[in-house]
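In what follows, a structure is listed as structure tokens, so that the remarks can point back to it.
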Amino acid sequence: MASFSRRHAREVALQALYGTEVGKRSADEMLTELLARDESSEGRGFVRDLVLGTIENEEESDELIAPLLEGWTLERLPTIDRIILRMSAFELNHRKEIDPAVVINEAVELAKKFSTEDSGRYVNGVLGRLLGKVTA
């Protein structure tokens, strides 16, 4: 990757988080493997922050997200959707320098690309409700 793209970085972070959750691999192992292909140090730093921040703040994010799921539980969500929601909750809560509309849009695009047909709309709804809570 010659130029830095946050969208690409979020895709790499999603892959790393998926590998830790489903593959039961360590975050360091996943980051080392995935970032070896990435030449951009700025991109690597963003991916590392996203992955480690999402993992470190998982419990807090789950507490914020769970009441907003409307008839679902975190455990029942598709794995990709759950990871996207956690990653986005971390960004909305802890990366205030990033425009919340961008965080939500990127999450919706990730859900559309990597999850089910309905995931984009669902992720958008949950994050829209979450945004109301974290900015209040």
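Readers should treat all values here as calculations from the given coordinates under stated rules, not as data from a laboratory. From a predicted model like this one, the values you see are computed outputs, not experimental measurements. In this analysis, Cβ positions are derived from the backbone assuming ideal geometry, glycine residues included, and neighbour counts consider all displayed protein chains.
Data overview
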| item | result |
| --- | --- |
| Helix-derived mean residue ellipticity, 222 nm - over the chain, DSSP H n ≥ 4, -39500 (n - 2.57), to 500 | -22500 deg cm²/dmol |
| Two-site FRET efficiency, ALA66 against GLU29, from Cβ-Cβ distance with R₀ of 25 Å, rounded to 0.05 | 0.30 |
| GluC sites (Glu not before Pro) restricted to the stretch 80-114 and DSSP loop, no more than 10 other C-beta within 10 Å | GLU97 |
| Aspartates and glutamates whose Cα lies under 15 Å from that of LYS112, excluding same-chain neighbours fewer than 8 positions away | GLU11, ASP81 |
| Cβ charges +1 (Lys, Arg) and -1 (Asp, Glu), total dipole of the chain, debye | 280 debye |
| Stretch gain in nm, segment LYS133-VAL102, where the contour uses 0.36 nm per residue and the Cα spacing is subtracted | 9.5 nm |
| Most mobile listed residue (ALA36, ALA16, ALA27) in the chain, GNM with C-alpha springs under 10 Å | ALA36 |
